[in-house]
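Accompanying notes for the structure given below.
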């Protein structure tokens, strides 16, 4: 089991195979400043070393926001004062991808506003469950910027080109019902059901072959990110044989046959 660090702006709690990562900046709607981003990146690196983790739940403190996105104060001023931004954006891209590349499925538990960088981070999670009064948007054009961190490609993967363009080019917001309709979130639920719905997903993950889940995530990620169908099939076949050769597969098949 990994040894988890102390963090300044987030917390990581691991209990019975579930890692809960929570932002702790409710006074600024859990905005993602550099400290938060570095803490999140480090936390996922530690989770990656902990193969006892079956699922990760990512959420924000309070009832107002999952995350309202980047701390805009860090972008103020003329461009010559931001020579570091190119390197910074590359680091942000690497951080945004951490949930997607994590060995365990990652669920964004969205309890309010999910905007800008907060939405980008949620999009790179495997699943998203939101309260019905949550709001989603990418209002970067309102501050003269464009989405970054690999978010354009990821948004098109999730909702299609037309909807992605509508969200970005109008800098508008959609509610949770619309986000569910277009495939941006898996479930939009009453606030009082948020915990139970996320727990049902976690239970479903933990009730299956745990290594099979992790290998399935690898196969799905590869298929989603390549346009080469044959390459995806070959990668899938390699993973299938790896899983077939596992003790887990033999044990679960035996249990299934004995239960018939």
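No value in this document is a laboratory result; all are computed from the given coordinates. Note that this is a predicted model, so its numbers are computed, not measured. Note that we place each Cβ from the backbone using ideal geometry, even for glycine, and neighbour counts take in every protein chain shown.
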| query | Mind checking the angle between helix 194-206 and the chain's longest principal axis? C-alpha axes, 0 to 90 degrees, to the nearest 10. | reply | 40
| field | Distance (nanometres) between label positions extended 7 Å along Cα→Cβ at residue 221 and residue 24 | value | 2.8
| note | Per the rule of 0.36 nm per residue minus the C-alpha distance, extending residue 142 to residue 90 adds in nm 16.5 nm
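For the chain, what is the calculated [θ] at 222 nm in deg cm²/dmol (nearest 500), taking -39500 (n - 2.57) for each run of four or more DSSP H residues and dividing by its residue count? Working shown, then result.
On the way: 11 runs with 121 residues, N = 260.
Result for the chain: -14000 deg cm²/dmol, rounded to the nearest 500.
Quick check on the exposure proxy: order 175, 52 from fewest to most C-beta atoms within 10 angstrom. Before the final figure, lay out the partial values.
On the way: 175 15, 52 12.
Starting with the residue having the fewest Cβ neighbours, the order is 52, 175.
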| said: Taking every pair of distinct Cα atoms and averaging 1/r, then inverting, what Kirkwood hydrodynamic radius in Å comes out for the stretch 168-215? | reply: 13.0
| task | Match the structure shown to one of the listed values (i) 140; (ii) 149; (iii) 197 of volume of the Cα convex hull per residue in Å³, computed from it, and give that label. | result | (ii)
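Starting with the fewest neighbours, write out 98, 165, 109 ranked by other beta-carbon atoms found within 10 Å of each beta-carbon. Show your work: numbers first, answer last.
Values: 98 22, 165 14, 109 25.
In increasing order of surrounding Cβ atoms, one gets 165, 98, 109.
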| said: Springs between alpha-carbon pairs under 10 angstrom, Gaussian network model over the chain: which of 211, 89, 145 fluctuates most? | reply: 145
